[in-house]
Amino acid sequence: MTASDPRRLMPMSFFSELRRRHVFRVAGLYIVAAWVVLQVADLGFESWGVPSSALRFVWIAALLLFPVALVFGWRYDITAHGIVRTPPATGSADLSLKTPDFVILSALVAVAALSGWWTVEQVAGNKDESRENIIARAIDPASIAVLPFATRSSVADTAFFADGVHDDLLTSLAKVMSMRVISRTSVLRYRDTEKSIPEIGNELGVAFVLEGGVQQAGENVRINVQLIDSRTDGHVWAHTYDRALTAQNVFAIQSEIVETIAAQLKMELTAEERRRIGRDRTDNLDAFREYTYGKQQVDIASFAALREAVDHFQRALEIDPQYVLAHAALANTFAQLAVTGAITPAEALAQGQSHLDRAVELYADNPFVQAVRGRYLSLADDPEADAVMKAATVAAPNDVDVLSIYATYLRIQRRGEEALEVLRQALDLDPLSAPLYHDLGRMHLALGQFEPALEAFERIAQLSPGNPYAAHGAATATILSGDLVEAAYWSEQALSKDADDFENPATCVVIYASFGDYESARRHADLALEMGPAEPYPLSSKALLLAMTGETQKAVAMARGALARDLEDRWGSHFVFLRLVRNAALDAGEFDEALALFQKYEPGLFESPPQITAGNLRKAVDLASLLQRAGPDQQATELLHAAIAAYEQQYTLGSANYPLGIAVVDALALLGREEEAVTRLRELADDGWRVLWHFDTNLNPSHDSLRELPAYQDILTLIEADLQRQVDTFSIPDIG
């Protein structure tokens with residue numbers, strides 16, 4: 001048989017040639033050798049401390065080298081004279097397949113099938129791992145999660161006491177700079193869990209897990225703890241502490257636990273870390289309990305919960321006026337109430353500043369105290385705020401509360417990428433925190449990244465079903481993306497989950513009015529004013545509704561009344577009030593009142609050059625329209641050009657502030673650049689601008705020069721048609 005003989009391609013001839021070239025023998029020897037290597041690796045890796053996952057790489061190497069061995073067996077023979085090329089067939093040798101050959105062939109088929117199955121399993125496993133959002137990373141050996149302490153007592157408030165001990169231990173551990181400590185919000189999700197320690201360690205990305213329990217018996221307390229290596233499920237250390245029930249003893253136990261954990265994790269506490277641990281505590285268990293109750297309410301974060309937190313912190317301070325953390329937490333809660341709109345920033349400063357000052361007096365170097373101080377400086381527009389908060393994050397890189405305060409500040413300052421970096425640092429420490437995912441979603445919204453924002457809010461729904469943050473966030477995202485009918489659904493959900501927040505029904509008014517459901521808007525306007533009769537956002541939403549339904553005089557009267565009371569600016573309420581007064585002034589030809597109100601509320605717009613921000617951009621254009629009629633016209637032109645320049649510099653289509661682009665449309669129309677104005681309006685409409693479109697076009701005197709343009713009317717028709725489509729096709733969404 002020659003090399004070119006086509007019969008060489010026949011299956012039996014091919015297998016006969018494999019036999020002649022000893023390929024079967026090589027394959028058999030390779031399989032046996034590979035099996036031995038894998039067994040040795042399996043046993044050796046465990047004794048050498050090599051992760052078991054490394055065994056897969058030995059498997060991969062064995063599979064990849066198998067074809068190489070077969071090629072070698074085809075081309076070469078191993079003889080007494082060394083390795084030589086396999087000679088051509090002579091035709092005299094018996095090349096028929098024998099029983100051992102069939103055995104080896106069967107083994108080869110089995111190896112191929114096993115390899116294919118193993119590969120598919122690895123791919124499927126990787127997909128499952130991705131679906132479960134498990135991060136493939138090397139686990140930091142100096143990382144720990146402290147599970148909620150079990151309670152083994154019939155004493156009524158032992159559970160709250162155990163939570164307080166657990167929280168304070170976490171706070172103490174977080175002060176060890178070289179230790180990565182998972183924050184409280186995430187570990188609380190493992191209360192009464194049936195998951196194994198390795199599962200928990202894998203989900204949280206930690207090397208060690210501490211679990212324990214608290215038992216009260218009369219005037220004594222027992223605290224037992226055990227430290228477990230989550231990678232091996234092996235117990236590293238355990239101890240039971242029996243002491244008299246005093247604050248000093250409880251905190252001494254915690255300090256001992258911190259010292260022991262640090263030693264087990266092969267680290268040594270610095271003198272400064274030892275000094276910081278325990279310095280901000282109280283000596284009174286009753287004050288400690290009230291502080292713990294307050295922190296639990298802060299975690300809930302609803303209007304009612306925040307007010308209840310204030311009560312608990314105040315009671316803690318009545319018991320122990322020197323309690324540093326209670327002073328700082330109370331000041332921070334007042335600031336949080338201002339963020340939610342429950343009180344004004346001025347009220348927060350008035351009620352919280354004294355507590356902040358006292359906390360600084362008692363312990364000025366405490367990072368949380370400094371973070372709250374920075375927050376108050378930002379409320380007062382003090383430029384020192386940034387440096388103070390940043391220094392606090394450097395001093396306490398494990399303190400999620402400190403990181404969250406700074407991230408919120410960065411978001412408000414429109415420093416989006418910096419804020420995202422700080423939030424990622426916080427989420428690494430608190431990966432199951434709904435509030436942090438809410439902050440992350442809001443940050444993505446500020447950057448105009450609507451899909452990542454919705455993913456963050458979906459994560460909240462998965463972590464904490466029923467949490468209002470998910471609905472709040474989804475409502476904001478869909479408002480900005482122009483999906484107003486879906487936004488109405490999410491706003492209703494937010495209202496049902498946080499019934500004390502009077503701003504929720506006010507938002508519903510704005511949304512329903514935007515797509516013409518005035519009956520629903522009226523119902524929510526009545527509810528908002530019933531809940532917050534003197535609050536700016538309910539008043540401005542009602543005034544908007546009155547204007548959009550033709551009750552202009554009532555709307556203007558409400559606006560004048562609100563401006564006369566110097567109400568806080570919430571969610572653009574000042575813009576609405578000033579817009580309504582401006583419209584009335586242009587209609588009547590009497591400008592003094594309107595100009596005086598603009599001067600009162602936006603004095604920076606009267607400077608040269610005008611001081612234009614995101615908060616007054618639209619008001620700047622409305623003021624310019626007044627000045628065009630009342631004079632001086634040159635000042636009006638300067639304002640309009642400055643407004644356009646400010647928008648172009650700071651915002652783009654797709655950013656969260658893109659709705660401010662309607663101010664550019666107004667400015668271009670007032671400057672007589674109608675074609676450019678219509679082009680900009682079309683860009684906005686295509687990008688999802690829908691909210692209050694009727695108020696900002698048909699009821700806006702700045703658009704008078706555009707109304708007869710067919711292209712302008714086409715855009716309004718497109719918006720109306722899209723909103724009707726949304727009404728007709730809406731189905732309840734699902735974000736988890």
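Numbers at a glance
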item	result
Wholly within the range 339-442, helices (runs of 4 or more DSSP H) carrying at least 2 residues that are within 30 Å of Gly205 (Cβ to Cβ)	367-379, 385-395, 400-412, 416-429
Odd one out for Leu539 among (1) surrounded by fewer than 19 Cβ atoms within 10 Å (Cβ to Cβ); (2) modelled with pLDDT of 95 or more	(1)
Cross-chain or 6+ apart pairs with Cβ under 8 Å, the range 296-317 first and closer than 23 Å to Ser354 by Cα, then surrounded by fewer than 19 Cβ atoms within 10 Å (Cβ to Cβ) and of a type in the set (Gly, Ala, Ser)	Gln297/Ala305; Val298/Ala305
Qualifying residue in the range 341-357 (condition: touching an Asp or Glu at 6+ places or on another chain (Cβ under 7 Å) and among the hydroxyl-bearing types (Ser, Thr, Tyr))	yes
Test: residue in the range 418-434 that is over 24 Å from Ser172 (Cβ atoms), surrounded by 19 or more Cβ atoms within 10 Å (Cβ to Cβ), in contact (Cβ under 8 Å) with a residue 24 or more places away in the chain and small (Gly, Ala, Ser)	yes
Residue in the range 265-274 that is in a helix (DSSP H, G or I), without any contact (Cβ under 8 Å) to a residue 60 or more places away in the chain and within 30 Å of Gly341 (Cα to Cα) present	no
Filter pass, Leu269 being in contact with a strand residue (DSSP E or B) (Cβ under 8 Å, 6 or more places away or on another chain) and surrounded by 15 or more Cβ atoms within 10 Å (Cβ to Cβ)	no
Residue check for Ile460: crowded, with 20+ Cβ neighbours inside 10 Å and out of contact with any Pro (no Cβ under 9 Å at 6 or more places or on another chain)	no
Complete set of residues in the range 626-674 that are modelled with pLDDT of 90 or more and in a loop (DSSP other than H, G, I, E, B)	Leu671, Gly672, Arg673
Residue among Leu605, Leu668 that alone is in contact with an Asp or Glu (Cβ under 9 Å, 6 or more places away or on another chain) and more than 26 Å from Asp483 (Cβ to Cβ)	Leu668
Conditions (1) touching a helix residue (DSSP H, G or I) at 6+ places or on another chain (Cβ under 8 Å); (2) over 18 Å from Ala142 (Cα atoms): number failed by Asn224	(1)
Test result for Glu683, surrounded by fewer than 21 Cβ atoms within 10 Å (Cβ to Cβ), modelled with pLDDT of 95 or more, among the acidic types (Asp, Glu) and in a helix (DSSP H, G or I)	no
Sole residue being touching a Leu at 6+ places or on another chain (Cβ under 8 Å), assigned by TED's automatic domain parsing to the domain that holds Gly164 and not aliphatic (A, V, I, L, M), chosen from Gln314, Gln264, Gln322	Gln264
Evaluation of Gln226 against (1) buried (at least 17 other Cβ atoms within 10 Å of the Cβ); (2) in a strand (DSSP E or B); (3) polar (S, T, N, Q) (one fails), failing number	(1)
Scan of the range 686-712 for residues that are surrounded by 15 or more Cβ atoms within 10 Å (Cβ to Cβ), at pLDDT below 95 and either among the small types (Gly, Ala, Ser) or part of a helix (DSSP H, G or I) (or both), ordered by number	Gly688
Restricting the range 132-156 to residues that are modelled with pLDDT of 65 or more and of a type in the set (Val, Ile, Thr), the residue that is farthest from Asp167 (Cα to Cα)	Ile139
Residue that is surrounded by the most Cβ atoms within 10 Å (Cβ to Cβ) [pool: residues in the range 436-457 that are within 11 Å of Gly473 (Cα to Cα) and in contact with a Phe, Trp or Tyr (Cβ under 8 Å, 6 or more places away or on another chain)]	Phe457
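The values are calculated or read from the model by the stated rules, or taken from the named source; none is laboratory data. The shown structure was predicted, so the numbers you read here are calculated from the model rather than taken from an experiment. Every residue, glycine as well, gets a Cβ built from its backbone with ideal geometry; the counts of neighbours run over all protein chains shown.
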